[in-house]
Amino acid sequence: MSDPVITREENDTGGVYSVAVAGAARPAVLTWQAIGQNRGGVRLVDHTFVPPEARGQGLAGKLVEAIVADAKEQGFKIA
């Protein structure tokens, strides 16, 4: 499998990493919420979803790898 194109959206309280899935009504997603007093410092990953059409292809793992890479680059922690 080639590397999927992961998009990132965020605001002050949370965000989502997503991958479009061909033939599926919904994308694969990983969602997170900013927690603690310093909202930019800790991200609580609260949900992942992969459409049935794409399960078993490693998409959830790729989404997790993306947030871990961003944490290393940007200096936030993941809960």
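Only one of (1) under 10 Å from the mean Cα position of the chain (by Cα); (2) touching a residue at least 24 places away in the same chain (Cβ under 8 Å) is not met by Ile78, so which one is it?
Unmet condition: (1).
Filter the range 1-11 down to the residues that are assigned to a loop (DSSP other than H, G, I, E, B) and loosely packed, with under 14 Cβ neighbours inside 10 Å, then identify the one that is nearest to the chain's Cα centre (by Cα).
Filtering the range 1-11 for residues that are assigned to a loop (DSSP other than H, G, I, E, B) and loosely packed, with under 14 Cβ neighbours inside 10 Å, the one nearest to the chain's Cα centre (by Cα) comes out as Val5.
When only residues in the range 12-23 that are modelled with pLDDT under 95 and on the phi < 0 side of the Ramachandran plot count, which is least open to solvent (accessible area, probe 1.4 Å)?
Thr13
Which one is most open to solvent (accessible area, probe 1.4 Å) among residues in the range 48-79 that are assigned to a loop (DSSP other than H, G, I, E, B) and not β-branched (Val, Ile, Thr)?
First, the residues of the range 48-79 that are assigned to a loop (DSSP other than H, G, I, E, B): 50-51, 55-58, 75-76, 79.
Those still in the list that are not β-branched (Val, Ile, Thr) too: 51, 55-58, 75-76, 79.
On the way: Pro51: 4, Arg55: 135, Gly56: 90, Gln57: 93, Gly58: 42, Gly75: 62, Phe76: 13, Ala79: 62 Å².
So, considering only residues that are assigned to a loop (DSSP other than H, G, I, E, B) and not β-branched (Val, Ile, Thr), the one most open to solvent (accessible area, probe 1.4 Å) is Arg55.
Which residue, of Val45, Val21, is of a type in the set (A, V, I, L, M, F, W, C) and either out of contact with any Ser or Thr (no Cβ under 8 Å at 6 or more places or on another chain) or in a loop (DSSP other than H, G, I, E, B) (or both)?
Values: Val45 fails: either out of contact with any Ser or Thr (no Cβ under 8 Å at 6 or more places or on another chain) or in a loop (DSSP other than H, G, I, E, B) (or both).
The match here is Val21.
From the set of residues in the range 26-42 that are assigned to a loop (DSSP other than H, G, I, E, B) and either of a type outside the set (Gly, Ala, Ser) or modelled with pLDDT of 95 or more (or both), which is farthest from Ile78 (Cα to Cα)?
Quick first cut of the range 26-42, residues assigned to a loop (DSSP other than H, G, I, E, B) only: 26-27, 36-41.
Now drop any that are not either of a type outside the set (Gly, Ala, Ser) or modelled with pLDDT of 95 or more (or both), which leaves 26-27, 37-39.
On the way: Arg26: 25, Pro27: 22, Gln37: 15, Asn38: 13, Arg39: 12 Å.
Residue satisfying both the conditions and the ranking: Arg26.
The values are calculated or read from the model by the stated rules, or taken from the named source; none is laboratory data. If you're wondering where the values come from, they're calculated on a predicted model, not measured in any experiment. Using ideal geometry, Cβ is built from the backbone for each residue, glycine included, and neighbour counts are taken over all protein chains shown. Heads up: the accessible areas ignore ligands, DNA and RNA and are worked out on the full protein's heavy atoms, side chains in. Shrake-Rupley method; radii C 1.70, N 1.55, O 1.52, S 1.80 Å.
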